[in-house]
Amino acid sequence: MQTSLSGCATILLGMALEQGIGNSLTRGSYQWTVLNEGDPLLDPFGALMGKSIHARMKELPEILSEGALMLNRKAPEYLALCNLIMLRNRLVHYVDKMLFAHSASGKASIKDGFIEATFPIPTTPWSALDVLQAEGFMSAVGLYFDKVLHVTNLEPGGLLRTRR
């Protein structure tokens with residue numbers, strides 16, 4: 001039960017991250033177009049919208065800081081965000097396969113007139129999760145919201161670092 005709840009939490013956190021980034025890109029694109037009175041094709045926010053969630057998460061701080069800052073790829077929270085996106089995709093696109101039991105994959109015996117069979121349960125992305133991992137994802141998403149999405153001036157430290 002806990003692994004299923006952790007999987008659901010992972011999907012929701014991935015969706016929250018994607019929605020937060022999407023809202024920031026939409027707002028940024030609108031502001032960029034109004035302020036620059038320019039060609040929407042040159043809009044850096046709009047250009048980022050068509051990329052993967054991983055690329056959007058990684059590149060948004062660079063656009064918001066006008067190239068001054070980037071995500072610290074060695075920060076544990078950055079690694080957790082990358083794992084969250086990968087795992088969220090695996091969970092959302094996972095298709096259960098039909099299992100066939102045969103004597104070579106398990107053990108069967110007759111006990112008190114009943115057939116008792118034991119077969120290994122295959123691992124799935126859903127069974128590979130734990131509560132601590134989901135809590136780590138929640139912490140990383142919260143930090144991304146606090147340090148990237150909900151601030152007017154991004155500052156280096158922790159999740160963000162200056163460009164070299």
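The values are calculated or read from the model by the stated rules, or taken from the named source; none is laboratory data. All of these numbers come straight from a predicted model, not from anything done at the bench. Reconstructed Cβ throughout: ideal geometry from the backbone, glycine too, with neighbour counts over all protein chains shown.
A few notes on this one:
- Here residue 152 fulfils each of the conditions (1) among the hydroxyl-bearing types (Ser, Thr, Tyr); (2) at pLDDT below 85; (3) closer than 30 Å to residue 96 by Cα apart from (3).
- Restricting segment 62-72 to residues that are loosely packed, with under 15 Cβ neighbours inside 10 Å and touching a residue at least 12 places away in the same chain (Cβ under 8 Å), the residue that is farthest from residue 44 (Cα to Cα): 68
- Just so you know, in segment 76-105 the residues that are surrounded by fewer than 17 Cβ atoms within 10 Å (Cβ to Cβ) and modelled with pLDDT of 90 or more include one that is farthest from the chain's Cα centre (by Cα), and it is 76.
- Some residue of segment 38-46 being surrounded by 14 or more Cβ atoms within 10 Å (Cβ to Cβ), farther than 25 Å from residue 164 by Cα and free of Cβ contacts under 8 Å to residues at least 40 places away in the same chain: yes
- Any chance residue 26 is hydroxyl-bearing (Ser, Thr, Tyr) and farther than 30 Å from residue 8 by Cβ: no
- All conditions but one from (1) within 20 Å of the chain's Cα centre (by Cα); (2) touching a residue at least 40 places away in the same chain (Cβ under 8 Å) apply to residue 161; the one that does not is (1).
- Some residue of segment 39-52 being over 20 Å from the mean Cα position of the chain (by Cα) and hydroxyl-bearing (Ser, Thr, Tyr): no
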